[in-house]
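Note sheet for the following structure.
The values are calculated or read from the model by the stated rules, or taken from the named source; none is laboratory data. Since the model is a prediction, treat every value here as computed from it, not as a measurement. We place every Cβ from the backbone using ideal geometry, glycine too, and count neighbours over all the protein chains shown.
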Amino acid sequence: MLNLATTPDLKDLLSRTKEYLPKDKNRQVEAAYKYAARCHSGQFRNSGGPYIEHPLNIALFLADLHLDATTLSAALLHDVVEDCEVTCEQITREFGADVSKLVDGVTKLTRMEGGDHSDSRGLPTEDRLKAETLRKMLVAMAEDVRVVLIKLADRLHNMDTLEALPPARQKALAQETMDIYAPLAHRLGIWGIKWRLEDRAFQCLEPESYHRISDMLSIRREAREEYIEEQSKILAAELKSIKLNAQVVGRPKHIYSIYQKSRKYAEQGKEMSDIYDLYALRVLVKTKADCYNALGVAHNLWRPIPGQFDDYVANPKENLYQGLHTTVMCKGATPLEVQIRTYDMHQLAEYGVAAHWRYKEGRVSDPQFEHKMTWMRQLLEWQRDVTATEEFLESVKTDIFQDQVFVYTPQGDIIELPAGATPIDFAYRIHTELGHRCIGGKVNGRLMPLDYQLQNGDTVEVLTTKVARGPSLDWLNPNLGYIRTASARGSVRHWFRRQRRSANIQMGRELLKKEARRLNLKIDEQAIASAFRMDNVEEFLISLASGGTTINQVINRLTADEQKEQEHKSRSIPLSSPGSGIKVLGVGDLLTRIGQCCNPLPGDRIIGFVTRSRGVTVHKTSCHSVRSEDERERLIEVEWGKEKKLYPVRLEIQARDRVGLLRDITARVSEEKVNIAEVTTKENPTGAVIISLTLHTTGLDQLGRIFAKLDGVRGVVSAGRIMGDTYASARR
């Protein structure tokens with residue numbers, strides 16, 4: 001376990017470095033500490049402690065990673081340029097060019113200068129600064145990954161001492177940590193930093209959820225530890241019986257990872273008890289062959305759960321991680337996750353790239369390590385081609401910081417893509433021209449639709465046209481799900497930018513009119529162009545046709561004012577629908593309405609009155625109607641739920657009638673988890689039918705996805721929005 005001491009001194013640091021550094025390198029580290037201590041003399045942190053404790057804690061953490069003397073010296077000196085008016089030239093004279101270069105790299109990352117970002121139309125300042133910070137870190141990482149290792153350790157100690165800062169600053173640092181630093185640690189494979197950053201940021205951002213899960217784990221800790229200890233002994237005995245030398249230990253669960261899984265399971269209607277790896281073991285062995293032998297023992301001992309096995313030994317992750325993961329059903333029908341690794345794999349899993357960054361005299365690179373880090377080189381190539389900060393941030397979030405899937409080419413080469421990637425993403429990852437010529441894809445020998453989401457282990461073959469016709473504009477529609485990666489989306493956009501200007505203008509205008517007719521909205525092309533900071537209407541239409549501006553962005557801008565106005569109008573559709581409003585204690589979800597006599601707001605003390613035909617009406621507890629009520633048995637306890645706005649909207653669908661039409665339409669709408677409040681149909685002798693739906697949606701993004709799904713239903717001729725709706729705010 002990696003620990004940052006709270007009150008360390010130089011002896012603590014040297015006791016760790018003596019284990020792996022020669023004497024002359026230890027003297028260099030000691031000299032760097034004394035130099036930093038003199039520079040920071042008289043300076044104190046917000047917590048009240050001497051400032052030197054901060055760089056010393058960072059150096060202690062990096063010493064646990066067994067990093068070289070140059071990195072440790074730079075960690076100790078990383079703030080002297082910024083805070084003590086020391087120049088890089090002075091550091092070069094005292095400690096050499098390598099240390100000075102690392103200090104300069106960390107200093108540049110610390111200075112988060114916004115600069116001129118006129119390219120980032122509409123991007124919030126906070127997101128713009130995060131994008132620029134991340135861009136700096138990636139450029140620094142290209143020059144020397146040790147710069148980022150120092151910065152990650154620096155952020156970890158800052159998160160450990162977060163309480164000393166004002167609340168607003170705490171929240172900002174925690175959010176930045178969750179958005180940038182923790183994902184970067186994950187991508188570099190440094191689990192020992194990743195989980196600690198996530199847990200500390202989560203504790204700051206959502207303290208109630210953090211403490212709820214923490215308390216739950218504490219309550220069950222004794223029983224869980226006893227159970228894990230019992231299963232550890234059983235597995236260790238079985239491994240010993242076949243003379244397999246292995247270490248079996250319980251694997252700690254981290255609060256943020258449990259929170260993520262609990263949310264995912266809640267969406268699937270599952271309980272916390274359904275999470276498979278609340279109980280987990282880790283098995284450490286000497287060789288790869290021992291890994292598979294241990295796996296066989298575990299599967300022979302307990303029944304494996306189908307679909308819960310991953311082999312990252314034969315197929316390592318791109319962040320270098322290796323191991324076998326399986327989940328078995330053991331005593332008491334309790335799922336138990338078992339991770340199996342060699343000792344070297346375990347070191348790599350905990351320390352990631354740092355495990356490879358063990359500098360020795362005369363050797364500053366590892367060819368095998370460089371080969372495995374090809375993803376970093378690809379990212380840096382992409383970011384050089386991306387000038388807009390918003391587009392860069394999109395590419396990093398989708399292509400780098402998302403979960404990955406590993407698929408095969410027909411030749412057996414492994415290609416890594418973000419989870420949810422499609423055959424089109426695969427084609428563009430192989431070669432841009434292959435993507436432009438793609439007309440279909442075979443997955444595991446079977447023809448699959450272009451929006452099929454690739455799974456781990458799939459073998460993908462791209463079908464191409466002999467005549468180059470270019471990509472389809474539909475590929476850029478996020479509601480249709482054809483493209484997942486920002487790199488593929490950028491290639492498609494670039495192709496359309498090369499097309500004839502007049503054709504793009506006409507295409508953009510038709511696209512805008514089509515969507516405006518569907519949503520029944522009035523459009524002013526000049527006003528929209530100005531809202532997107534375009535020089536003229538033609539520039540805006542070209543951007544819309546080429547995918548630089550999406551139709552969802554346009555519609556959201558068009559309707560922003562309308563939604564605000566409609567929220568204050570009288571409601572012709574009930575405020576709440578079953579399962580979407582106020583929580584009725586002891587009963588479950590009932591139809592609820594806000595009492596117009598007292599109009600309670602979130603935070604007011606409330607009580608419910610059971611009506612004879614309209615569900616539960618919610619009043620303030622001090623409301624005259626409640627206090628004068630004779631039938632007290634009809635009063636029921638209620639409480640405010642989590643706020644989420646839902647907007648009623650009416651749709652009209654024209655279609656050719658057939659058996660199963662209404663079933664298919666409602667099924668497509670239900671895929672978006674949208675509540676259908678009302679359905680009416682009208683038929684005519686020609687075989688046509690008009691279907692009217694009243695839905696509760698979260699907004700136009702979701703409505704656009706619904707329209708895209710309805711277009712794919714056989715027999716549907718058109719689908720549009722009926723104006724005259726009134727918007728209502730519901731609480732879920």
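Of note:
- Qualifying residue in the range 465-477 (condition: closer than 26 Å to I706 by Cα, of a type in the set (F, W, Y) and in contact (Cβ under 8 Å) with a residue 12 or more places away in the chain): yes
Okay, residues lined up against (1) among the aliphatic types (A, V, I, L, M); (2) under 29 Å from L162 (Cβ atoms); (3) more than 32 Å from the chain's Cα centre (by Cα):
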{"site": "H66", "(1), (2), (3)": "no, yes, no"}
{"site": "E82", "(1), (2), (3)": "no, yes, yes"}
{"site": "C88", "(1), (2), (3)": "no, no, yes"}
{"site": "G96", "(1), (2), (3)": "no, no, yes"}
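- Residues satisfying the stated conditions in the range 442-457, i.e. modelled with pLDDT of 85 or more and out of contact with any Pro (no Cβ under 8 Å at 6 or more places or on another chain): K442, N444, G445, R446, L447, P449, D451, Q453, Q455
- Whichever residue in the range 40-63 is in contact with an Asp or Glu (Cβ under 8 Å, 6 or more places away or on another chain) and among the hydrophobic types (A, V, I, L, M, F, W, C) and, among such residues, is nearest to V148 (Cα to Cα): I58
- Residue match in the range 180-201 (condition: part of a helix (DSSP H, G or I) and more than 26 Å from A63 (Cβ to Cβ)): no
- Residue count for the range 305-348, restricted to those that are closer than 22 Å to Q247 by Cβ, over 26 Å from the mean Cα position of the chain (by Cα) and surrounded by fewer than 19 Cβ atoms within 10 Å (Cβ to Cβ): 3
- If you check L661, L700 for being hydrophobic (A, V, I, L, M, F, W, C) and either assigned by TED's automatic domain parsing to the domain that holds L511 or modelled with pLDDT of 80 or more (or both), only one passes: L661.
- Test: residue in the range 142-162 that is in a helix (DSSP H, G or I), at pLDDT below 85, surrounded by fewer than 19 Cβ atoms within 10 Å (Cβ to Cβ) and not hydrophobic (A, V, I, L, M, F, W, C): yes
- Where helices (runs of 4 or more DSSP H) fall entirely within the range 1-102, those with at least 1 residues that are touching a helix residue (DSSP H, G or I) at 6+ places or on another chain (Cβ under 7 Å), farther than 21 Å from Q347 by Cα and charged (D, E, K, R) are at 10-17, 23-39, 80-84, 88-95.
- Some residue of the range 487-500 being within 32 Å of the chain's Cα centre (by Cα), surrounded by 16 or more Cβ atoms within 10 Å (Cβ to Cβ), at positive phi and not assigned by TED's automatic domain parsing to the domain that holds D711: no
- Here the condition is being surrounded by 12 or more Cβ atoms within 10 Å (Cβ to Cβ) and within 30 Å of S718 (Cα to Cα); of V616, V649, it holds for V649 alone.
- Residue list for the range 199-221, filter: touching a helix residue (DSSP H, G or I) at 6+ places or on another chain (Cβ under 7 Å) and among the acidic types (D, E): D199
- Residue within the range 119-131 that is β-branched (V, I, T), at pLDDT 60 or above and in the same structural domain as D68 (by TED's automatic domain parsing) present: no
- Of all residues making up the range 426-440, the number that are among the hydroxyl-bearing types (S, T, Y) and either touching a His at 6+ places or on another chain (Cβ under 8 Å) or assigned to a strand (DSSP E or B) (or both): 0
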